[in-house]
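First the structure, in the form of structure tokens, and then the observations on it.
The values are calculated or read from the model by the stated rules, or taken from the named source; none is laboratory data. Everything quoted here is computed from the prediction, not taken from an experiment. When we count neighbours, we look across all protein chains shown, and the Cβ atoms used for this are built from the backbone with ideal geometry, even at glycine.
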Amino acid sequence: KILAKTLFLGKEVIYMPSCHSTNDIALQMLKKPDIREGVVIIAGHQTSGRGQRGNNWKSDPDSNLTLSVILKPNFLQASDQFYLNMVASLAVQRAIQGGVDGQDMKVKWPNDVLLNEKKVAGILIENILQKSSIQWAVLGIGVNVNQKSFGLEKATSMSQVVNKVFDLSILFEKLIESIEYYYLRLRSGKREELREEYLQHLFGFQQFRNYRTEYVFSGKIIDVAETGRLIMETTKGVQSFDFKEVEFLY
Ligand code: BTN
């Protein structure tokens, strides 16, 4: 039973004990004529969860949150897509933060959330464009909540860090509320505020770290453009990078 205090988000929640990918289901649902924004699809288990760059998203059954939110951000131009990344990243970090107070939470450009510098959540946004505006958006979110161990060293879960078991439905409600909170701010035109808050929580902001593009370099993030390009100060001067062009080196 969902008790989220929201205006429109999560008023309809579809729970799938097991499915291939909630993003695929959401994209499929967009073909129905009566689809409305705010629908959430959540899975107990995904058999082929999808991640960024064509990767798989693996998640232990019934241990974590794997969900997709359907939005209709037709007030956004295709070139403003990155605002949805900001909304999703900030919402996820805010929801997790409440459960792991005192721990280091950061959003990582372009769409991860880090807990003590390890990945605790990933975001996969898929947009349906109509001409130059966004007609529909599917925000796919995977949060590592109660999973105990990971194949990847750079991954972690909330439970691994604070050593307790979390109630998935409470975290789900918080997440839905936070997504609506940031989405409504975006919809009411608070773009600059959102960008500033994103920068405040951004991993590597104003700090020198090592990155890799075609070569390894040291740089500090000084801004993220409206288009989502990462702007860095490096030994070669100010450079900007698109998704996939640069990667943080642990
Ligand atoms: C990433 O970090 O690579 C993004 C991971 C996104 C995973 C979520 S889980 C729910 C939704 N359905 C999917 O198939 N993927 C996203």
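Here are a few things to note about the model shown:
- Scanning the stretch 213-235 for residues that are without any contact (Cβ under 8 Å) to a residue 24 or more places away in the chain and assigned to a strand (DSSP E or B) yields F217, S218, G219, K220, I222, I231, M232, E233, T234.
- Test for M29: is it of a type outside the set (G, A, S) and within 26 Å of T227 (Cα to Cα): no
- If you go through the stretch 186-212 and keep only what is outside any loop (DSSP other than H, G, I, E, B) and touching a residue at least 60 places away in the same chain (Cβ under 8 Å), you end up with L186, R187, R191, L194, R195, E197, Y198, L202.
- Residue match in the stretch 236-245 (condition: more than 27 Å from G54 (Cβ to Cβ) and modelled with pLDDT of 95 or more): yes
- Consider the stretch 147-166 and keep the residues that are within 15 Å of the ligand (Cβ to nearest atom) and touching a residue at least 40 places away in the same chain (Cβ under 8 Å). The one that is farthest from P17 (Cα to Cα) is K154.
- The stretch 106-127, residues that are over 13 Å from the mean Cα position of the chain (by Cα) and within 16 Å of the ligand (Cβ to nearest atom): L115, E117, K118, N127
- Segments classed as strands (runs of 3 or more DSSP E), wholly inside the stretch 1-90, with at least 2 members that are within 16 Å of the ligand (Cβ to nearest atom) and surrounded by fewer than 19 Cβ atoms within 10 Å (Cβ to Cβ): 13-16
- When E192, E177 are checked against the criterion of being at pLDDT 95 or above and within 22 Å of A78 (Cβ to Cβ), E192 stands alone in meeting it.
- Single unsatisfied condition, S169 versus (1) touching a residue at least 24 places away in the same chain (Cβ under 8 Å); (2) buried (at least 18 other Cβ atoms within 10 Å of the Cβ): (2)
- V113, sole failed condition from (1) of a type outside the set (F, W, Y); (2) touching a helix residue (DSSP H, G or I) at 6+ places or on another chain (Cβ under 6 Å); (3) within 20 Å of R187 (Cα to Cα): (3)
- Exclusive hit being basic (K, R), farther than 22 Å from G142 by Cβ, loosely packed, with under 15 Cβ neighbours inside 10 Å and in contact with a strand residue (DSSP E or B) (Cβ under 8 Å, 6 or more places away or on another chain), set K190, K236: K236
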